[in-house]
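Here the structure is laid out as structure tokens; the discussion comes afterwards.
The values are calculated or read from the model by the stated rules, or taken from the named source; none is laboratory data. Keep in mind that what you see is a predicted model, and the values were worked out from it rather than measured. Cβ coordinates were reconstructed from backbone atoms using ideal geometry, including for glycine residues, and neighbour counts include every protein chain displayed.
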Amino acid sequence: MNQVASAPPVLLSIAGFDPCGGAGIAADLKTFAAHNCYGVAVITAITVQSTRGVRSVQATPPELLRAQLEHLLADVTPAGVKIGMLATRANVDVVASLLEQKKFPCVVLDPVLRSSSGFELLEARAWKELSRRLLKLVTVVTPNVAELAALAGMEVRDDASLRAAAQKLVELGARAVVVTGGHLPKPVDLLYDGKEFLPFTSERVRSENKHGSGCTFSAAIATHLALGRQLPDAVMLAKAYVARAIERGFAIGKGPGPLNHFHRFHQEPGHRPTEPASAGYPR
């Protein structure tokens, strides 16, 4: 007799589409799958993009975004949600309204403001709306330093101002903040839960193939939270996963290549990986 397999945890990605498959929806779905979870996705924007950078963005109309979410969630119950690029203030409002109405076990917000090549991925007028409405509705927010400064509305120059900005996000409503610190000589990701700071320090992985590492990091955190792990453990495990994926990344075009999300399934004999690391988590 054939037995029906039990379904794995379902994770929802709300993010943009990257045609070269390194970031956004594609990175999230690959990360979920690599952790033995099933990914579903709602697209917030279509980008004209390659490994050489973003050329243009076409945002999903808010009514279409709302319809995608409503129809999917009437059928599927996610164990966790990862939010990435939202593109417009209207789309921020749609997602905020959803989170106000539905309670998910965990929600990770990766506040994507710009691509690593400098292209705007969220309207400047939406930054304040994201801080005002979304921060208080998520489990953890995962900005890089530039995103942290923009959302907190203050300059981040050193460790003291970085910590002050993280505290500002908590004052604005965030329950926890993980600042990715690939800008430092020795990469440090800093977790602040409103009570204490917990650093995650490691050696840097030297590789050009790290396109989508920020998306992957936040998606991995969401996955581990959905699997029942506590936030510090989720951050530690996500950091280690991203480091290995960067180390085993590969070039597919003329620019920085993607991570190898499925590196665990392709171990080479005698391979000895380096220590876990942050690499700046570019968009």
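The table below lists the values:
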{"quantity": "Filtered residue count, region 111-156, keeping only those that are touching a helix residue (DSSP H, G or I) at 6+ places or on another chain (Cβ under 8 Å) and either farther than 17 Å from ALA45 by Cα or among the charged types (D, E, K, R) (or both)", "calculated": "26"}
{"quantity": "Subset of region 203-239 that is assigned to a loop (DSSP other than H, G, I, E, B) and touching a strand residue (DSSP E or B) at 6+ places or on another chain (Cβ under 8 Å) - its residue that is surrounded by the fewest Cβ atoms within 10 Å (Cβ to Cβ)", "calculated": "ASN209"}
{"quantity": "All positions within region 122-171 that are modelled with pLDDT of 95 or more and assigned to a loop (DSSP other than H, G, I, E, B)", "calculated": "VAL138, THR139, THR142, PRO143"}
{"quantity": "Failed item, numbered, when PRO8 is tested on (1) at pLDDT below 95; (2) under 20 Å from the mean Cα position of the chain (by Cα); (3) not basic (Lys, Arg)", "calculated": "(2)"}
{"quantity": "Checking LEU11 against (1) assigned to a helix (DSSP H, G or I); (2) touching a Cys at 6+ places or on another chain (Cβ under 8 Å), the condition it does not meet", "calculated": "(1)"}
{"quantity": "Tally of residues being of a type outside the set (Ser, Thr, Tyr), outside any strand (DSSP E or B) and within 17 Å of the chain's Cα centre (by Cα) across region 106-121", "calculated": "6"}
{"quantity": "Failed item in (1) without any contact (Cβ under 8 Å) to a residue 24 or more places away in the chain; (2) surrounded by 22 or more Cβ atoms within 10 Å (Cβ to Cβ); (3) in a loop (DSSP other than H, G, I, E, B), with HIS261 passing the rest", "calculated": "(1)"}
